[in-house]
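The values are calculated or read from the model by the stated rules, or taken from the named source; none is laboratory data. None of these values were measured; they are calculated from a predicted model. Note: ideal-geometry Cβ built from the backbone for every residue, glycine included; neighbour counts use all protein chains shown. Please note that ligands, DNA and RNA were not included when accessible areas were found on the heavy atoms of the full protein model with its side chains. Shrake-Rupley method; radii C 1.70, N 1.55, O 1.52, S 1.80 Å.
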Amino acid sequence: MGRLHARVYSQMPQVKVMGVFDAAFETAAAVADEFAIPHRKSLEELLPEVEAVTIAAPTKAHLSIAQECLKRKIACLIEKPLAKDVAEGRRIVDLARENKTTVQVGHIERFNPAIRAMSRLEIEPKFLEVTRISPMTFRSIDVGVVLDMMIHDIDIVLRLANSTVSKIDAIGVSVIGDVEDICNARLTFANGCVANLTASRLAMRTDRRLRVFSPDAYVSIDYQKRHGTVIRRTRNIDAVREAAAKIRRGEVQDLSQLNYKDLVHIEELPIDDVEPLRAELDAFVEAVKNKSKPVVTAEDGLHAVEVATRIVEAIGQRTLG
């Protein structure tokens, strides 16, 4: 992710990239050479030169690096998850407040064009179904699939439900090591909304989808294809009722005569082609320049870690494998 951030920053005319640092000397040198960025040998050399940074390091290092930046009032975009546990996440939130410095968390799905298009619909969901599965990449296997992959969907679900989580049921399967590689979690919110989340890093294919059910509309999002569709109640209720009436009157004897796609009006969400990472970094830079609230705040990141922790704890109570 650090390399990807360096690439995008180097393409942004409103940004001057002052350097890249990595504990792995060869990694930083290669990125610096690829994007014509100064290679800094240490944080101490880099930090006096900058107003903002991306922290794309192993999660266990987030707090120590953020602390060095925030005490110098250097704005931070911290890759997800915000921290390795709730205590360290709270410390980052406190440091940002104490130093009155911007922290944005890298929950990049917030900037997926399909998600941004759906947010304009102002839907109030009653049920959410999320699937995020992929083959094993053999990175981040020191943490479970909840903090590695499901954390993306936890953030989105929390934002859409817009309520506190009152109950969590979860089950996980550990195959590779000591942490879960597959997880299914059911989140019940105080406002009655329910979310069902499934994550796996042991699948034979990649599939990332979100389905939103509300009294007014059904929305389907394909994260990977950055595509979405919506079926609105107001545009379809009369056609569906008429079909039901025909069946009751015996005018339709064979249900195969009914083509569901002909009955309902399916709309494609208007989606732009802006790269999610570019949209994320543009938003971060604007928040820093304008001293405005980031799209994904440190508090948002902490909330996601808190819920992820509760899911892992629920898994521990009934784990298979």
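Does segment 288-304 hold any residues that are open to solvent by less than 70 Å² (accessible area, probe 1.4 Å), in contact (Cβ under 8 Å) with a residue 60 or more places away in the chain and assigned to a loop (DSSP other than H, G, I, E, B), and which are they? Of everything in segment 288-304, those that are open to solvent by less than 70 Å² (accessible area, probe 1.4 Å), in contact (Cβ under 8 Å) with a residue 60 or more places away in the chain and assigned to a loop (DSSP other than H, G, I, E, B) turn out to be P294, V296.
Pairing each residue of segment 108-127 that is within 12 Å of Y223 (Cβ to Cβ) and small (G, A, S) with any residue that is outside any loop (DSSP other than H, G, I, E, B) and open to solvent by less than 40 Å² (accessible area, probe 1.4 Å), provided the two are 6+ apart or on different chains, yields C-beta distances under 6 Å for A114/I221; A114/G228. Tell me, which residue of segment 117-141 that is assigned to a loop (DSSP other than H, G, I, E, B) and of a type in the set (D, E) is modelled with the highest pLDDT? Checked segment 117-141; the qualifying residue modelled with the highest pLDDT is E124.
Residues that are touching a strand residue (DSSP E or B) at 6+ places or on another chain (Cβ under 6 Å) and open to solvent by less than 40 Å² (accessible area, probe 1.4 Å) number at least 3 in the following helices (runs of 4 or more DSSP H) confined to segment 1-109: 25-35, 62-70.
With the condition kept exactly as written, say whether any residue in segment 154-176 is farther than 14 Å from L128 by Cα, among the acidic types (D, E) and more than 18 Å from the chain's Cα centre (by Cα). The answer is yes; a qualifying residue exists.
Out of all the residues in segment 227-240, which are surrounded by fewer than 14 Cβ atoms within 10 Å (Cβ to Cβ) and modelled with pLDDT of 75 or more? R233, the sole residue that qualifies.
Let me confirm something: among V274, V285, V307, V312, which residue is outside any helix (DSSP H, G or I) and either hydrophobic (A, V, I, L, M, F, W, C) or open to solvent by less than 40 Å² (accessible area, probe 1.4 Å) (or both)? After applying the criteria, what remains is V274. Does Y218 fit the bill of being closer than 12 Å to E129 by Cα, in contact with a helix residue (DSSP H, G or I) (Cβ under 9 Å, 6 or more places away or on another chain) and of a type outside the set (A, V, I, L, M)? The answer is yes for Y218. Please work out if L158 is within 30 Å of P58 (Cα to Cα) and at pLDDT 95 or above. So L158 fits the description; yes. Could you please let me know if D148 is closer than 24 Å to E268 by Cα, out of contact with any Pro (no Cβ under 8 Å at 6 or more places or on another chain), open to solvent by less than 50 Å² (accessible area, probe 1.4 Å) and among the acidic types (D, E)? When the stated conditions are applied, D148 does not pass them.
For segment 114-130, does any single residue satisfy the condition of being of a type in the set (D, E, K, R), open to solvent by 30 Å² or more (accessible area, probe 1.4 Å), in contact with a strand residue (DSSP E or B) (Cβ under 9 Å, 6 or more places away or on another chain) and over 28 Å from L70 (Cα atoms)? Checked against the condition, which is being of a type in the set (D, E, K, R), open to solvent by 30 Å² or more (accessible area, probe 1.4 Å), in contact with a strand residue (DSSP E or B) (Cβ under 9 Å, 6 or more places away or on another chain) and over 28 Å from L70 (Cα atoms), segment 114-130 yields at least one hit.
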